[in-house]
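Chemist: Structure provided below as structure tokens; questions to follow.
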Amino acid sequence: MTDTTTPPRSAGPDTGPRSDSPGDSPSGAGSGGRPRPGGRLSRRLGTGATQGFLGVWALLAAVPLLWALVSAFKTNNELFASPWKLPATWHFDNFVRAWTKADIGEYFLNTVVVVVGALALTMLLGSMAAYVLARFRFPGNRVVYYAFVAGMTFPVFLALVPLFFVVKNLNLLSSYPGLILVYTAYALPFTVFFLTGFFRTLPTSVAEAAVIDGCSQEGVFFRIMLPMAKPGLVSVAIFNFLGMWNQYLLPLVLNSDQHKYLLSQGLAALAVQQGYANDWSALFAGLVIAALPVVALYLALAKKVQTGLSVGLLK
Amino acid sequence: MEHGKYRIITLFLAAPLTLYGVFVLSPFAQAFYISLTSWTGFTAAQPFVGLANYRRLASDPGFWKALEHNALLLVAVPLVTIALGLFFASTLNVGASAGTVKGVRGAGPYQKLFFLPHILPAVITAVLWQFLYNPQLGPINSALDAVGLGSLKATWLGDPAVALWSLAAIMVWTGVGFYVVLFSAAMQSIPRDIYEAADLDGSSRFQTMWRITLPLLRETVQVAWIYLGIAALDAFALFEVLLPDGGPDNSTNVVAQYLYQAAFQNGQFGYASAIGVVLCLLTLLMAAATFGLSRRETIEF
């Protein structure tokens, strides 16, 4: 460990067991300068307190979600009369009503089509571009790479107005292909950036041997390099899936046809409309349905989802 | 690897580059030009007005108010989220009990649970909190009543003095778990013997945090700050769903909403683009400032 900026204090292993050096500030010396008999006890109390804080935050994280889940099974009256009580009978029909009457089913399927299409296209195009940029030297390689990287630094809001007219001029407003292409285009910068780095770390010997054996370049990519890149592909696919499933701004601007609504739009609209229709329990059932794919993915692959989302910080 | 090189380069780059150029690069470039026009979207011509939109922006109280809200979020949300994230991560990973440098038991389940709010779609979070915050019927106020803290009840989203902080609290609620995981991973890579030495020296938990963990995590915290800062500047979905009209007395309108209103409600596309350009510059400035302010030599270990 080379500590360069602050003078070494009790932190370094080389300063010995006592830290009451002349440089210690009064407060520092008082609070923990040397082991005292009472230190252990106060620390144990401190441990109890931190455990308490952990417990409080655990409740804060879990209770709203559980509350929403339980509320999805209540009647409207129960929902408002006693927000903290369990339902007298568990109303699964709320989910049926949400799916059919509140159109959550329609929104759900729209979302699946757009997200699955965009995710597949993003992974295909992103890995193709990344592979070429990582593996081949050619004039313009850096220009293309940095053009993609630049896309990560600008906020989507900057592009919002022109994007609307680009999509409009292509007659792709309120259409699946329009949303799929736009989702893909905005997922490409990070996907290309991340996978380029990933492809660079993979060994080349297998691919070179395959080329010598007469395998085509496409064959090398699809049959050798893509399978080798699987861990990287999984991380970036999870990252993109969650981002796409949660997307709200792009469909709000590009997709105004109510029959093409995605879940995020549909739920936001329902939250307003249910105020008139007065069917809040169906809205809660809708929330649960909409959250189900991401929550299920998370519960099944918690570690992978956590790393998948953390790679986003590389931006 | 040279055989058929240029064919595959063309083949593999053509589609991604086209898509990227049409839907990302060209809109970004156009935005700068449109911001210099008074275009309303209905005419083919885009009347050039120079910097008029920017001048108008500089003296637009609505814009400044929105910017002020973003600035408050930009300070409060990263500060609280990172502080809580560091606190919980250090509790879970280092020195949780006297004489040991291991984390508490059950660190895994805690992390897993804390992270859960982070993966929920913003719209779901927004609708859920709309209910939680409901002043008459919502569970928060009724719980406060039940435990005798009725005086703390508030019209969480209806009171101009409270609404912005109610929204900031949701942002913290969703963010903390993510940063607990992030900081935990970084803390795991700090050698144990540093903590053992600190423990032998009788370092208090706070000292260990402040003098050892934090300096060693500087880069991770920096990245976290930038990421949260971008989230604060780009805040939209939560605000638009919960308080689409900018909240009571416009007390929660943020720049992204202001841009959206200017463009898609008022048809002022030139003006909206100018807001977009300013938002973009602010984002880049914030990232540069975060790096610049906290630049120090990296500690290697």
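The values are calculated or read from the model by the stated rules, or taken from the named source; none is laboratory data. Worth saying up front: this structure is predicted, and the values here are computed from it rather than measured. Note that each Cβ is placed from the backbone with ideal geometry, even for glycine, and that neighbours are counted across all protein chains shown.
Chemist: Output yes when any residue across the range A:199-211 is of a type outside the set (Asp, Glu), touching a Phe, Trp or Tyr at 6+ places or on another chain (Cβ under 8 Å) and closer than 30 Å to B:THR43 by Cα, and no when none is.
Modeler: Residues of the range A:199-211 of a type outside the set (Asp, Glu): A:199-207, A:209-211.
Checking which are touching a Phe, Trp or Tyr at 6+ places or on another chain (Cβ under 8 Å) leaves us with A:199.
Next, only the ones that are closer than 30 Å to B:THR43 by Cα stay: none.
Scanning the range A:199-211 turns up no residue that is of a type outside the set (Asp, Glu), touching a Phe, Trp or Tyr at 6+ places or on another chain (Cβ under 8 Å) and closer than 30 Å to B:THR43 by Cα.
Chemist: Is one or more of the residues making up the range A:115-125 surrounded by fewer than 23 Cβ atoms within 10 Å (Cβ to Cβ), within 11 Å of chain B (Cβ to nearest Cβ) and in a helix (DSSP H, G or I)?
Modeler: Kept after step one, since they are surrounded by fewer than 23 Cβ atoms within 10 Å (Cβ to Cβ), are these residues of the range A:115-125: A:116-117, A:119-121, A:123-124.
Checking the rest, the ones that are also within 11 Å of chain B (Cβ to nearest Cβ) come to A:121, A:124.
Within this subset, residues satisfying the condition of being in a helix (DSSP H, G or I) are A:121, A:124.
Yes, some residue in the range A:115-125 is surrounded by fewer than 23 Cβ atoms within 10 Å (Cβ to Cβ), within 11 Å of chain B (Cβ to nearest Cβ) and in a helix (DSSP H, G or I).
Chemist: Something else now. Run down A:THR153, A:THR196 and say which single residue is β-branched (Val, Ile, Thr) and at the interface with chain B (Cβ under 9 Å from one of its Cβ atoms).
Modeler: Working: A:THR196 fails: at the interface with chain B (Cβ under 9 Å from one of its Cβ atoms).
When all the criteria are applied, what remains is A:THR153.
Chemist: Then there is this: Looking only at helices (runs of 4 or more DSSP H) that lie completely in the range B:169-282, which have at least 2 residues being crowded, with 22+ Cβ neighbours inside 10 Å and at pLDDT 90 or above? Walk me through it before giving the result.
Modeler: Details: elements: B:192-200, B:218-233, B:237-242, B:255-264.
In the range B:169-282, the matching helices (runs of 4 or more DSSP H) lie at B:218-233, B:237-242, B:255-264.
Chemist: Determine whether A:SER256 is touching a residue at least 40 places away in the same chain (Cβ under 8 Å), surrounded by fewer than 22 Cβ atoms within 10 Å (Cβ to Cβ) and at the interface with another protein chain (Cβ under 10 Å from one of its Cβ atoms).
Modeler: yes
Chemist: Of everything in the range A:77-105 that's closer than 23 Å to A:GLN265 by Cα and within 14 Å of chain B (Cβ to nearest Cβ), which residue is modelled with the highest pLDDT?
Modeler: Out of the qualifying residues, it is A:ILE104.
Chemist: Is the range A:234-241 home to any residue that is more than 30 Å from A:LEU299 (Cα to Cα), among the small types (Gly, Ala, Ser), more than 10 Å from chain B (Cβ to nearest Cβ) and part of a helix (DSSP H, G or I)? I'd like the intermediate steps shown before the answer.
Modeler: Quick first cut of the range A:234-241, residues more than 30 Å from A:LEU299 (Cα to Cα) only: none.
Scanning the range A:234-241 turns up no residue that is more than 30 Å from A:LEU299 (Cα to Cα), among the small types (Gly, Ala, Ser), more than 10 Å from chain B (Cβ to nearest Cβ) and part of a helix (DSSP H, G or I).
Chemist: Also, I was wondering about something else. Exactly one condition in (1) facing chain B (nearest Cβ under 7 Å); (2) crowded, with 22+ Cβ neighbours inside 10 Å is not met by A:LEU179; state its number.
Modeler: It is condition (1) that A:LEU179 fails.
Chemist: Next question, about the same structure. For the range B:1-58, which residues satisfy the criterion of being more than 9 Å from chain A (Cβ to nearest Cβ) and aliphatic (A, V, I, L, M)?
Modeler: B:ALA14, B:LEU36, B:ALA44, B:ALA45, B:VAL49, B:LEU51, B:ALA52, B:LEU57, B:ALA58 - these are the residues of the range B:1-58 that are more than 9 Å from chain A (Cβ to nearest Cβ) and aliphatic (A, V, I, L, M).
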